[in-house]
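The values are calculated or read from the model by the stated rules, or taken from the named source; none is laboratory data. Just so it is clear, the model here is predicted, and its values are computed rather than measured. Backbone-built Cβ (ideal geometry, glycine too); neighbour counts: all protein chains shown.
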């Protein structure tokens, strides 16, 4: 084993090893999903989704988008995810407030961009109106 390590470290071999490492990193990066990552609380542009997608890690196979209807208004969240959050609206407790949260999960590059959020936003609006009518 020591001989193998010495053989790899010989002059001229370093450049081959470096090339192979860079090549493998580029090859692996090409296989990663690219998603928009932002929160409207810290970046107002997140609401409109006009942020370029970034590389997710290898284990993150889904792009997610979340629209929450809070007392302060809608909160938008876009990110990479390791789990399929499905496409559903549920009530969640967030900062001591019962928030209507609509999730949407997809698996193609940039699929959590603003154009794809429309269904989730319509779901929030519809359920908010329904909640108002029931009261």
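Things to note:
- Unmet requirement for residue 131, which otherwise passes all of (1) surrounded by 11 or more Cβ atoms within 10 Å (Cβ to Cβ); (2) modelled with pLDDT of 90 or more: (2)
- Considering segment 100-128, the residues that are assigned to a helix (DSSP H, G or I) and modelled with pLDDT of 60 or more include one that is surrounded by the most Cβ atoms within 10 Å (Cβ to Cβ), namely 114.
- Leading residue by the ranking (surrounded by the fewest Cβ atoms within 10 Å (Cβ to Cβ)) among those in segment 42-77 that are in a loop (DSSP other than H, G, I, E, B) and at pLDDT below 90: 71
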